[in-house]
Amino acid sequence: MNREYEANDNHKSKRDELLLFILFALCFLLASFATTFSFYRLKTTNKPNPPVDIDDSSKENNPSSTTKIIEVVYPTGSEIAPTTSILPGWRSNNKEIVITNASDVDLKYQLLWQVVKNDFVRLEDLIYHVNINGVEVAKGMIPTTDRIIINNVSLASLEKHNVTIYVEYLNANVDQSVDMGHTFISQLIVKNVD
């Protein structure tokens, strides 16, 4: 009777060890799987708005000329930087910029994507979209160097443009894990080009 009891006890011990091993292996696979799809999330920061861009240099030389004033408000901040993981197919929240021509003459502006850091490998998968008053006006890969992404946009006297920008990480249906651990940080800058 003792031998049967020992055999059953030995069998239970091996079975328990096997179950623990399988449980550990499943946890390890699940953790590995979760980190394989770990990418980036876009975060906007609420920094103070840059100063109003006022170009009144021509007024000093010609007092009768009109000052061109462009007011730029960044309700969601002007910086774009990833903070936490995203999955392929992810789309960021909208980044908002309100641009107003506060002068009595028409003017033109540009939007500069200033790169602080971009070390992505699959650049073709990280795409920005720029909309003005709900209409897409630009789309492209996130730059690795400073780049004007929209240029010579006309803004009539006292007109306002609501600019929205969002970024997406495309689902390329290929292994995109090469971008794990990579990041980008950028600043959006509006400039008067007249």
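All of the numbers you see were taken from the coordinates with simple rules; none came from a lab. If you're wondering where the values come from, they're calculated on a predicted model, not measured in any experiment. Heads up, the Cβs are rebuilt from the backbone with ideal geometry, glycines too, and the neighbour counts pull from every protein chain shown.
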Label Asn151 and Asn171 with points 7 Å out from Cα along Cα→Cβ: what is the distance between them in nm?
-> 3.6 nm
Would you mind classifying the range 103-147 by shape? Square roots of the alpha carbon gyration tensor eigenvalues, ordered a ≥ b ≥ c; an a/c under 1.5 is rounded, otherwise it is prolate if a/b is larger than b/c and oblate if not.
-> oblate
Gln110-Val135 pseudo-label distance in nm [points 7 Å out on the Cα-to-Cβ vector] | 2.2 nm
So for the pair Ile127, Ile185, with labels modelled 7 Å out along Cα→Cβ, what separation do we get in nm?
-> 2.8 nm
With Cβ to Cβ distances under 10 Å as the rule, what net charge do the other residues near Gln176 carry (K, R +1; D, E -1)?
-> -2
Starting with the fewest neighbours, write out Ser103, Ser186, Ser157 ranked by other beta-carbon atoms found within 10 Å of each beta-carbon.
-> Ser157, Ser103, Ser186
Summed over the other residues with a beta carbon less than 12 angstrom from that of His161, with K and R at +1 and D and E at -1, the charge totals -1
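Starting from the Cα-Cα distance between Leu19 and Asn162, subtract it from 0.36 nm times their residue separation and give me the gain in nm to one decimal.
Values: separation 143, 0.36 × 143 = 51.48 nm, distance 5.91 nm.
Using 0.36 nm per residue and subtracting the Cα-Cα distance, I get 45.6 nm.
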